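Notes follow the structure.
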Amino acid sequence: MLEKALKEIHRGTAEIIDDERIEKLLKAYFEEGKTYTVKAGFDPTAPDLHLGHTVLLQKLATFQKYGARVQFLIGDFTATIGDPTGKSATRKVLSRNEIRQNITSYTTQAFKILDESMTDIYYNNDWLEKLGASGILELSSTLTVARMLERDDFSKRFASNTPIAVSEFMYPLLQGYDSVHLKSDIEIGGTDQKFNLLMGRQLQKVYAVKKQQAVLMMPILEGLDGVQKMSKSLNNYIGVTDEPNDMFGKVLSISDELMWRYYEFLSTKSLDEIASLKKGVEDGSLHPKKVKEELALEITARYHSDDEAQNAKHEFEKVHAKSQIPTDIPEFSCDGEVWIAKALVDCNIEPSTSQARRDIKQGAVKIDQEKISDEQLQLGVGEYILQVGKRKFAKLKVN
């Protein structure tokens, strides 16, 4: 059982520091029933999670299967500084009101993956605000500026004379202090967080916590393009709150190669089950599309329901395989003749008229299932089915 647990915990990891400690904690759980703590910090900088965020949540859920209590840390205090990791400029900080709104959304989405009964939610404002001036000075004395400038993002900004706020130097120290306060046994995060994660381990030693947390790092998940990391700003993401049809369609849009990465990081199937699927694709007994559909069904059902996932599959087949119109299309109306680019924006299927014109030029826009090429087209009185790409539809009535 211990070997199986370790295999699942190691699955997909990029790096583990102090793997021996993780093994000891698991052994104590199996032999003595002792629980242990696994910390993960989340800065509520946006109200919604995407599947890239859930890679950590999936790993936390795995630890919960093997006796861990998850320390789900909301960085409401550190969010007022802004994590400088990977940033080339000082980040905009959030107001307390923005943070509170985002926290509610985060936890609701997180508990679609985590066992709520095995999760403790903490807010680092509860102890960091109480540190006071003397506590902050004591904390800052544990690290030199030279050591801080070893961070790649800071060193690049320093070399290019890009401003670095003193408060940004405090971010990794404060994140590390969270591990001191919580006495965490393990902390997990992305590979881009390595400096901050190790800070917790270092500070536990400085503050004589009598333990040093193990650190487990997960890779950054690629977005739909298979190249850059999943990000809302890059528009290559699958949101946890996406509608079932969109979620299902987006999963099916990924490449066959990327599909296996998503299986490894996002599926609850065992590694043996995934290996079996991969073998089936390689020997031709399984079609890649069917395997991808299985993944799309699993992910959509997790955030919605089995019925909604099946409905999304049927809708996808209806629209894409049979070139039919979706059952539920949002309806819009306008008075008087309207320019096609403006109509697409007003119907919420294009972000801007310039993007609409580009898509028309590329042949991605259809009216009543017929491609159009005239970007100056004016729509007169009548009803139209507008379509952009394979998944965006709207019904427009021009009065």
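The values are calculated or read from the model by the stated rules, or taken from the named source; none is laboratory data. A quick note: this is a predicted structure, and the numbers were derived from the prediction, not measured. Here Cβ is always computed from backbone atoms with ideal geometry, including for glycine, and neighbour counts include all displayed protein chains. Side chains are part of the model used for accessible areas, which takes the heavy atoms of the whole protein and leaves out ligands, DNA and RNA. Shrake-Rupley method; radii C 1.70, N 1.55, O 1.52, S 1.80 Å.
Some values worked out for this structure:
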item: Estimated vicinal HN-Hα couplings, Hz - segment 132-146 in sequence order (Karplus 6.51, -1.76, 1.60; Gly, Pro = x); result: x, 4, 5, x, 5, 5, 4, 5, 5, 6, 7, 9, 8, 5, 4
item: Cα-based reach from K397 at 28 Å (exclusive), listing lysines while leaving out same-chain residues under 8 positions away; result: K318, K322, K342, K361, K366, K371
item: W339 paired with T327, simple spin-label distance in nm, labels 7 Å along Cα-to-beta-carbon; result: 3.8 nm
item: Distant-in-sequence amide H partners of E222 (H built 1.01 Å from N, under 5 Å); result: M230
item: The chain, Rg to Rh (Cα coordinates; Rh as Kirkwood inverse mean 1/r); result: 1.03
item: Debye log10 I(q)/I(0) for segment 123-195, one point scatterer per Cα, at q = 0.16, 0.27 Å⁻¹; result: -0.67, -1.35
item: Pairwise FRET efficiency - K205 versus D225, Cβ, R0 = 56 Å, nearest 0.05; result: 0.85
item: Residue-normalised accessible area of the chain, given per residue in Å² at a 1.4 Å probe; result: 49 Å²
item: Cα-Cα separations in segment 242-372 greater than 20 Å, expressed as whole percent; result: 58 percent
item: Heavy-atom accessible surface of segment 279-369: percent carbon and sulfur, 1.4 Å; result: 46 percent
item: Unsatisfied cross-links (Cα-Cα over 18 Å) in the set K4/K59; K292/K392; K229/K250; result: K292/K392
item: Mean separation of Cα contacts under 8 Å (6+ apart) over length of segment 158-218, as relative contact order %; result: 36 percent
item: Segment 207-217 - phi-based ³J(HN,Hα) in whole Hz, Karplus 6.51/-1.76/1.60, Gly and Pro as x; result: 8, 6, 6, 6, 7, 10, 5, 6, 10, 10, 10
item: Segment T268-L149, extension gain: residue separation times 0.36 nm, minus the distance between their alpha carbons; result: 38.9 nm
item: Degrees, to the nearest 10: 51-65 long Cα axis against longest axis of the chain; result: 50 degrees
item: Convex hull projection area averaged over all views, segment 205-253, Cα basis, nm²; result: 5.9 nm²
item: Average projected area [Cα convex hull, segment 1-57], square nanometres; result: 5.1 nm²
